[in-house]
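The next block holds one structure in the form of structure tokens; read it before the comments.
The values are calculated or read from the model by the stated rules, or taken from the named source; none is laboratory data. Note that this is a predicted model, so its numbers are computed, not measured. Here the Cβ positions follow ideal geometry from the backbone for every residue, glycine too, while neighbour counts run over all protein chains shown.
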Amino acid sequence: MKPAFEYLTSAELTDVGRRRKNNEDSLIRLPEAGVFCVADGMGGVQGGEVASKASVEALSKEFTESPDAPFALTADAAARLVERALNSASNWIKERAEGLGLNGSGSTAVALVFDRVTPSQGVALHAGDSRAYRLRDEKLAQLTVDHSVAAAAGLADDSSLPPMFRGVITRAVGLERHVQLESTPFDVAPNDIFLLCSDGLSKMVSDRRLTKLLRKHGDGDLSELARVLVEEALKEGGEDNVSVVVVRVAKELPKGPTMEIPPETLALEKLVVAEAPPPEPSHFGDEHDATGETAETGEGIRTASTLADIVTPTDSDHRQVGVTPDTPASEGTRAATPVSRAPAAVRSSSRLRWLWIVLALSVMAGAAIWGYQEWKAWRPGVVPEPRGPGSEIHDGAQQE
């Protein structure tokens, strides 16, 4: 029998970057299941590194040990297992963080699942600002929308936000016991190239540059493509851990449907992911492997480690943790169905609504103060007032 996803080839690579002392990113490829994921931890070694590894370890267990795994034949059925795995991890991470006093521990996650029955279909699931891209006909499209304050405000980046809102994400695995994953269906065509990455790549390398690199190296060895992408981020400064998973579709797709859908798969598609009870201490042990095998290693490039590699904290994570949407309180369950984009999610959550109000007031107040100071500074005959110790004005913007 031919492998179910023989039309997909893939590779992965992760690097600690040039500024960090430890790698809080984790990766997993399960090509036999058509599942791929990148997770980016937050909260330092004992928080973020453990959180990202717990996330990918939960996926590995769900798709290799769960009795439901053989029936994850459609993308929708596989998506339910991803949701169940990441919610189990979220519950464990939250419980562990509360026990150790590690506020803000969590991990982004972005995953792709492909459909065995209808090979032209797939689903992307994500929480946070790790991204999924697709290159088709030499055009790059971002499949996911960042769960961040900047994205919710419709901004391309967070440079124009007040400092307190820069780098703030609004969803992540582990911030709450139950995580809302955004589900985005996508279609699959011959020669497509999919890219999963942490923000260590997307914030260092522009989409235009990513497009050029994928066009140039997409037809070659995917391990080399992964290396090129990581090294490009390092060349641009490597300010964060950098992780990529690349998946390429063959020149021909199997004709679907490839099989009849069994009733177990249909039942799995309708699965309701309940909020899990507090986990047993050994549910995700620090001694277990967190990822599958990586594409390759090399000098200056390190692959995701196992949980046994965890050391004491050496530095803090650069990102802040935002407010996650409330989960429904009806008997502690919610339907495992696609959720809305970030702006709607913000409106539907009272806690995020307050975050919006604070953000809007902060922006308006900052703009008013800045405008008043500029007016005072540049009125004819008025000597500009100093802006504070060590501050200077350059092209109308205060440089820190």
Inset, instruction - Go through (1) at pLDDT 95 or above; (2) buried (at least 24 other Cβ atoms within 10 Å of the Cβ) and name the single condition Ala141 misses. - result: (2)
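Could you check segment 92-115 and list, in sequence order, the residues that are outside any strand (DSSP E or B), surrounded by 24 or more Cβ atoms within 10 Å (Cβ to Cβ) and either not hydroxyl-bearing (Ser, Thr, Tyr) or not assigned by TED's automatic domain parsing to the domain that holds Asn241 (or both)? Before you say what the answer is, go through the steps one by one.
To start, the set of residues in segment 92-115 that are outside any strand (DSSP E or B) comprises 92-105, 115.
The next check asks that each one be surrounded by 24 or more Cβ atoms within 10 Å (Cβ to Cβ); those that pass are 92-93, 105, 115.
Selection gives Trp92, Ile93, Asp115.
Within the bounds of segment 107-120, is there any residue that is farther than 20 Å from Gly34 by Cβ and not β-branched (Val, Ile, Thr)? Reasoning before the result, please.
From segment 107-120, those farther than 20 Å from Gly34 by Cβ are 107-108; that's our starting set.
Add one more test, that the residue is not β-branched (Val, Ile, Thr), and what stays is 107.
Within segment 107-120, one or more residues are farther than 20 Å from Gly34 by Cβ and not β-branched (Val, Ile, Thr).
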Legend entry - Among the candidates Ala78, Ala69, residue that is of a type in the set (A, V, I, L, M, F, W, C) and buried (at least 23 other Cβ atoms within 10 Å of the Cβ): Ala78
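Quick one: which of Leu175, Leu201, Leu195 is under 17 Å from the mean Cα position of the chain (by Cα), in a loop (DSSP other than H, G, I, E, B) and not β-branched (Val, Ile, Thr)?
Values: Leu201 fails: in a loop (DSSP other than H, G, I, E, B); Leu195 fails: in a loop (DSSP other than H, G, I, E, B).
The conditions single out Leu175.
For segment 30-62, what are the residues that are of a type in the set (Asp, Glu), farther than 18 Å from Leu13 by Cβ and within 17 Å of the chain's Cα centre (by Cα)? Can you show your working first?
Step one: of segment 30-62, the residues of a type in the set (Asp, Glu) are 32, 40, 49, 57, 62.
Now drop any that are not farther than 18 Å from Leu13 by Cβ, which leaves 32, 57, 62.
Listed by number, the list holds a single entry, Glu57.
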Inset, instruction - May I ask you to say which residue of Glu269, Glu260 is exposed (fewer than 14 other Cβ atoms within 10 Å of the Cβ) and not small (Gly, Ala, Ser)? - result: Glu260
Inset, instruction - Report yes if Thr64 is among the β-branched types (Val, Ile, Thr), within 30 Å of Lys216 (Cβ to Cβ) and in contact with a strand residue (DSSP E or B) (Cβ under 8 Å, 6 or more places away or on another chain), otherwise no. - result: no
Legend entry - Every residue from segment 143-191 that is hydroxyl-bearing (Ser, Thr, Tyr) and touching a Lys or Arg at 6+ places or on another chain (Cβ under 6 Å): Thr144
Inset, instruction - Can you confirm whether segment 7-20 contains a residue that is touching a helix residue (DSSP H, G or I) at 6+ places or on another chain (Cβ under 6 Å), farther than 22 Å from Leu253 by Cβ and of a type in the set (Ser, Thr, Tyr)? - result: no
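For segment 1-60, which residues satisfy the criterion of being of a type in the set (Phe, Trp, Tyr) and either in a loop (DSSP other than H, G, I, E, B) or without any contact (Cβ under 8 Å) to a residue 40 or more places away in the chain (or both)?
So in segment 1-60, the residues of a type in the set (Phe, Trp, Tyr) come out as 5, 7, 36.
Phe5, Tyr7, listed by residue number.
Would you check which residues across segment 169-190 are among the aliphatic types (A, V, I, L, M) and surrounded by fewer than 21 Cβ atoms within 10 Å (Cβ to Cβ) and list them?
Just the residues of segment 169-190 that are among the aliphatic types (A, V, I, L, M), to begin with: 169, 172-173, 175, 179, 181, 188-189.
Ala189, the sole residue that qualifies.
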